[in-house]
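The values are calculated or read from the model by the stated rules, or taken from the named source; none is laboratory data. Since the structure is predicted, the reported quantities are computational estimates derived from the model, not experimental observations. No Cβ is skipped: glycine too gets one built from the backbone with ideal geometry, and neighbour counts run over all protein chains shown. Remember, those area values only see protein heavy atoms, side chains included, never the ligands or the DNA or RNA. Shrake-Rupley method; radii C 1.70, N 1.55, O 1.52, S 1.80 Å.
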Amino acid sequence: MPYQSPLLSLPGAVAAEAPDAGVAAHYGDLFREQRALARGEGFVDLSHRPVVTVTGPDRLAWLHLLLTQHVEQLPPGHATEALILSAKGHVEHALYLVDDGETCWLHTEPGRAEALTGYLESMKFFYRAEVADRSADFAVVYLPAGSIAELPAGTTVRQTAYGRDVFLPREKLESFAASAGPAAGVLAYEALRVEAHRPRLGRETDHRTIPHELGWLESAVHLQKGCYRGQETVARVHNLGKPPRRLVFLHLDGSEVSIPEHGDPVRLASDGPEGRQLGFVTTSARHHELGPIALALVKRNVPVDAELLAGTTPAAQETVVAP
């Protein structure tokens with residue numbers, strides 16, 4: 001049965017669509033919710049995201065061999081993010097993790113838990129590490145930077161510059177929501193993610209995405225660590241400096257009634273809507289200050305100052321990943 005958050009019963013809740021089905025898209029006022037998060041108030045229900053734990057004395061040394069990030073000596077409480085790549089260097093999983101000294105906690109994209117835990121189990125060999133899908137027991141809640149919300153006992157916190165990802169005992173989700181301030185939906189969360197140029201697996205990625213294209217080298221890849229699957233591609237493209245595509249941030253024409261959807265083609269404005277496709281829109285959003293905005297993945301050789309069409313919407317680009 002598809003997941004349905006109990007917080008969808010809150011006043012004004014409107015259910016989100018895939019990939020965030022099961023939680024609220026908004027609670028009646030998208031811009032009010034965004035402004036609250038920007039002030040450090042409220043929370044976002046991300047309880048549809050899978051929670052996976054890794055325990056055992058070898059957990060960090062073992063994960064270090066599999067992930068793009070250097071985690072062998074990850075200090076307790078230090079948040080990081082990491083990728084799992086295919087043998088050809090394409091992104092297969094994006095993980096957001098923290099270790100509490102005994103357990104490594106991570107969350108990932110909806111629907112990815114079975115594939116992730118299956119891969120991890122297949123790579124255990126003789127290492128003393130235990131992998132568990134804890135999604136039935138723990139829910140992820142996001143608190144914005146500056147939040148002073150009190151956390152109940154039994155929580156684990158992943159603190160970043162953008163706020164806190166809280167691994168909350170699932171039975172405490174409703175009581176926490178009642179005390180944590182105004183609820184904000186995933187549309188507000190996504191708008192702030194787009195503003196911050198932060199890529200998301202399944203939105204900014206496709207089957208051939210490599211980390212260099214999205215700026216993940218800065219946040220999720222350690223270029224001086226030892227071998228892991230796909231490292232040859234990472235090193236080769238990094239040394240050549242020529243990833244085939246690059247992430248861009250788009251300011252969309254605010255006079256349009258609708259905004260482009262995920263997958264809509266990106267073309268040069270000078271070529272018109274029938275011109276050659278140079279990329280695709282990955283995520284679009286309505287921002288409380290910037291207006292309609294989007295991220296897009298385009299060919300590396302698209303001029304950085306070119307005016308673009310996102311679908312049929314005129315768009316001005318800002319560089320996220322330099323060509």
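Points to keep in mind about this one:
- Candidate set from region 286-301 (those that are of a type in the set (A, V, I, L, M) and closer than 17 Å to Asp206 by Cβ); member that is surrounded by the most Cβ atoms within 10 Å (Cβ to Cβ): Ala296
- Residue count for region 19-41 under the criterion of being in a loop (DSSP other than H, G, I, E, B), open to solvent by 30 Å² or more (accessible area, probe 1.4 Å) and either in contact (Cβ under 8 Å) with a residue 60 or more places away in the chain or of a type in the set (Phe, Trp, Tyr) (or both): the result is 4.
- Condition met for Ser255 (open to solvent by 60 Å² or more (accessible area, probe 1.4 Å), hydroxyl-bearing (Ser, Thr, Tyr), out of contact with any Ser or Thr (no Cβ under 7 Å at 6 or more places or on another chain) and without any contact (Cβ under 8 Å) to a residue 24 or more places away in the chain): yes
- Pair list, Cβ under 6 Å, 6 or more apart: region 118-134 residue at pLDDT below 95, other residue basic (Lys, Arg): none
- Residue within region 1-11 that is open to solvent by less than 60 Å² (accessible area, probe 1.4 Å), assigned to a strand (DSSP E or B), out of contact with any His (no Cβ under 8 Å at 6 or more places or on another chain) and under 12 Å from Ala184 (Cβ atoms) present: no
- Residue match in region 192-201 (condition: at pLDDT 95 or above, part of a helix (DSSP H, G or I) and more than 22 Å from the chain's Cα centre (by Cα)): no
- Filtered residues of region 219-236 (kept if open to solvent by less than 20 Å² (accessible area, probe 1.4 Å) and more than 30 Å from His288 (Cα to Cα)): Val221, Lys225, Tyr228, Gly230, Thr233, Val234
- Gly254 being over 25 Å from Thr80 (Cα atoms) and either in a helix (DSSP H, G or I) or not hydroxyl-bearing (Ser, Thr, Tyr) (or both): yes
- Qualifying residue in region 210-218 (condition: under 30 Å from Leu37 (Cα atoms), within 16 Å of the chain's Cα centre (by Cα), open to solvent by 40 Å² or more (accessible area, probe 1.4 Å) and of a type in the set (D, E, K, R)): yes
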